[in-house]
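The values are calculated or read from the model by the stated rules, or taken from the named source; none is laboratory data. Values in this document were obtained by computation on a predicted structure and should not be read as measured data. Quick reminder, even Gly has a Cβ in these numbers, built from the backbone with ideal geometry, and neighbours come from all protein chains shown.
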Amino acid sequence: MVIFLTVFIDLIGFGIVVPLIALYSKSFGASGWLIGVIGASFSAAQFVFAPIWGRMSDRMGRRPILLMSTAGAALSYVLFAIASSLSNSTVALAVLLISRSFAGACGGNITVAQAYIADITPPENRSKRMGLIGMAFGLGFICGPIIGGLGLKYLGHSGPGWLAAGICAGNFLLALFILAESRTPSSEHAKERPHFQQWGHTLAQPKIGLLVLIFFLATFAFSCFEITLPLLINDNFHLGISNIDEIRGATTIVSLFVFCGFIGAFVQGGATGRLVKKLGEPKLIALSLVMTGVSLALLPLIKGDGQLLWSHLFRSDGGPWMKMLVVLALLSIGSSLTRPPVFGLLSNFTTEHEQGATIGIAQSAGSLARILGPLFAATLYYTIPALPYMICGAISIVAGLIAVAYLPGRTAVNTTNAPTIPA
């Protein structure tokens, strides 16, 4: 429960700022390409540092790395708050870019938290317990956007950033005083390898390499949705948001992120374990990716007439919004069911002393997808808005077919007993 709370609180801060990045960037005059760069900067830094954090946690323990990355996240949100209050658009965009890059460099929490879960969980239960991380994501995207929206409304442009910084500072104190270490002093240490040699070592293992590829494709497809959804909703429903001061329209977009977070948390909190038991990891991964692909392809086809979400959802002219919510629910269910079985299998196929390193490489591959995805989607969106959704939908479906055809199923390599440390 402690590791869940640590990740959940961290993701609240993340959820506060993520729905606002594209809108803030646009309000400062950023082009589609620059919005993509700012959106990708977090992942660009994480691509470099996630494997480093993972290897360090294998050697130093999970707790000190979680403390360092949490403190860094708090500082990054301070920079975000400063950027959002600047009057000079050029300087504001530069500081915004720095804040997201620094946040990515410090973003070792998820990598290390998943290694922590692997440390304390028997192999047969890891996919289920990895759902806790996904559930924390979902709950973070419920609470975070709500807090961010309230901060924007009552505290101004810099409010969300300061709230996120304060929450992460509180999270640091929580972890400092109550989080136990999951790695025992007698644990075997992973061999130290240079950065790219570690990539080669991990990807050379066929089952692990295939899972990393599937996670890369799934993340690439989903990252296109994350960066362009505010733009798509604004354009297809004619909300008329030209800058962040259009609070009512921005609140509608934030509400959709909350809705997706709620669905994701519900699915990962209760359904993952049962579905893994019934279908097995490969079939569940394939099903989730096909659901995600179909829903991505449907999203740009739904259009409204300028009415806001909650005031017209249940009226006769609220049909487009109802369709949007149904498709977003399908997308949220699909995307929520991908990560836990992928990382459950990754953990099972990895020896105990390399859990952090392997998960770090997988997270780094996801970060690479989050670099390329926003650049691809934000740039292409301004050419043909529907095209990134159609292409990413196809990518997701192909990844699902690869999963069901080639994943070998649950074959645990790491069969050592997990230490009995409470989660």
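Taking the conditions exactly as written (buried (at least 24 other Cβ atoms within 10 Å of the Cβ) and among the aromatic types (Phe, Trp, Tyr)), does residue 343 satisfy them or not? Answer is yes for this residue.
Being at pLDDT 90 or above and buried (at least 23 other Cβ atoms within 10 Å of the Cβ): is that true of residue 116 here?
no
Scanning the range 372-387 for residues that are part of a helix (DSSP H, G or I) and within 15 Å of residue 35 (Cα to Cα) turns up 372, 373, 374, 375, 376, 377, 378, 379, 380, 381. Any residue that is out of contact with any strand residue (DSSP E or B) (no Cβ under 7 Å at 6 or more places or on another chain) and modelled with pLDDT under 75 - is there at least one of those in the range 141-161? So far as the range 141-161 goes, yes, one or more of its residues are out of contact with any strand residue (DSSP E or B) (no Cβ under 7 Å at 6 or more places or on another chain) and modelled with pLDDT under 75.
Quick one: in the range 78-113, of everything that is over 20 Å from residue 151 (Cβ atoms), among the aliphatic types (A, V, I, L, M) and touching a residue at least 12 places away in the same chain (Cβ under 8 Å), which residue is surrounded by the fewest Cβ atoms within 10 Å (Cβ to Cβ)? Break it down into steps so the answer makes sense when it comes.
The initial filter retains those residues of the range 78-113 that are over 20 Å from residue 151 (Cβ atoms), namely 88-91, 93-94, 97-98, 101-102, 104-113.
Filter again for among the aliphatic types (A, V, I, L, M), leaving 91, 93-94, 97-98, 105, 110, 112-113.
Filter again for touching a residue at least 12 places away in the same chain (Cβ under 8 Å), leaving 93, 97-98, 105, 110, 112-113.
Working: 93: 21, 97: 19, 98: 16, 105: 21, 110: 25, 112: 32, 113: 25.
My answer is 98.
Just one of 317, 305 is of a type outside the set (S, T, N, Q), modelled with pLDDT under 75 and not in a helix (DSSP H, G or I); which is it?
Details: 317 fails: not in a helix (DSSP H, G or I).
Being of a type outside the set (S, T, N, Q), modelled with pLDDT under 75 and not in a helix (DSSP H, G or I) holds for just one of 317, 305, which is 305.
Residue 128 meets all of the listed conditions (1) more than 16 Å from residue 45 (Cα to Cα); (2) buried (at least 22 other Cβ atoms within 10 Å of the Cβ); (3) among the charged types (D, E, K, R) but one, namely (2). Within the range 264-284, at least one residue is among the aliphatic types (A, V, I, L, M), within 20 Å of the chain's Cα centre (by Cα), under 27 Å from residue 129 (Cβ atoms) and at pLDDT 90 or above.
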